[in-house]
Amino acid sequence: MAPQREWLEKDYYGVLGVTKDADPKAVTKAYRKLARENHPDQNPDDPAAEERFKEVSAAYDVVGDAEKRKEYDEVRAMGPMGGMFGGGGSGGPGGATFNAGDVGDLGDLLGGLFGQRGRRPRGGGGAAPQRGRDLVTDLHLSFDDAVTGVTTSVHLTSEAACSTCKGSGARPGTTPQPCSACAGRGVIDDNQGFFSFSQPCPSCSGRGSVIADPCPTCHGAGTEQRPREIKVRVPAGVDDGQKIRLKKRGEPGRSGGPAGDLFVRVHVAPHRLFERAGENLRLVAPITFPEAALGADITVPTLDGSTVTLRIPAGTQTGKTFRVKGRGVESKKKTGDLLVTVEVAVPNKLSREERKAVEALANLAESSPRAHLGVEREDDQHEEAVG
């Protein structure tokens, strides 16, 4: 289907969910949101999402380009030409009769909009540039590298510009030649009476050129599958599951279009002591019963290898969390804190002296911690609990 005919049928503003007077920034924002939601890599085995992604990309290819958008708006404003072209004869509905001889300068405008026969399309013809596909790859990092940031590399095998022909598709020393069927335009005209609509040239598949002597490596495709090593600068504070975008490091574009982007998905290994909570770090520190009851100063580690002293007040309960300012994860937004949760450690075994001391303490207890449960006598009934 010729682009102009498709423009008459499809509301690209509606596809992107923006108004006709939306500014370029709003159009781009809407496109990026929809492209992320419907990208095939995010929706594997979902044909509906893939089709939606294609529709969104096609809409943005027109509305996101200032020159194409202007032409699209002009075509849509013309519509199917209403009574001016399709109305009845004199005295019919609308009473309008169209005479091609009365068009004057309007004929030049219509010829430019609808691809009048013999007129070379704006921009020199040939296949429209197509943006390359986005790629996603995985990167595994240690906990420390994710927090401090690191420059590393990812390895992937993907489509890339052919190393032999540099993407031309022709054998080195030769060049693609203009297609004789369409004179290098990439399109041929389909006569529709007064109008002439364009469609891709079947001889060159819309490329506008033919390759008489294809490249022996890529066989005329201009691309090849090959392993690549790409450097990645991982910013400090990257979290597990986060994606890093490398612009134009995806698959190469077609017909002079830009390359796609590469998204590096980060996987962070767990730490033996610390856990992430946004920019904060969490640490569990065991304390003894005397430390919890009497209070104490304890030493805890930090992620950078240093230590800090934490003051535990008397009567601290297990599960209490203390905050150490500025000892968490440093990111572009802020620096987090170290959150230390204390747990009272109960020994599995007691020495004879320890047992005597604990029994003496128990005998000195004046109240039961379970008094609020309303149990008057705990020796009335005995049942063993399982666990």
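Since every read-out is calculated from the coordinates, none of them should be taken as a lab result. Note that this is a predicted model, so its numbers are computed, not measured. Cβ placement follows ideal geometry from the backbone for every residue including glycine, while neighbour counts extend to all protein chains displayed.
Across region 1-84, Cα pairs under 8 Å and at least six residues apart give a relative contact order of 34 percent.
Nearest 20 debye, what's the magnitude of the dipole of region 275-364 about its Cα centre given +1 on Lys and Arg Cβ and -1 on Asp and Glu Cβ? Write down the numbers at each step before the final one.
Values: 14 positive and 11 negative charges, 56 e Å.
Result for region 275-364 is approximately 260 debye, rounded to the nearest 20.
Placing a label point 7 Å from the Cα of Ser163 along the Cα-to-Cβ direction, the residues of region 219-241 whose backbone N falls under 12 Å from that point are 224-229.
Its residues counted as N, region 275-364 yields a C-alpha radius of gyration over 2.2 N^0.38 Å of 1.35. Paramagnetic label reach from Thr174 (point 7 Å along Cα→Cβ; backbone nitrogen cut-off under 18 Å): within region 213-243, residues 213-223. Ranked from largest, the principal axis spans of the Cα set of region 1-84 equal 48, 28, 17 Å.
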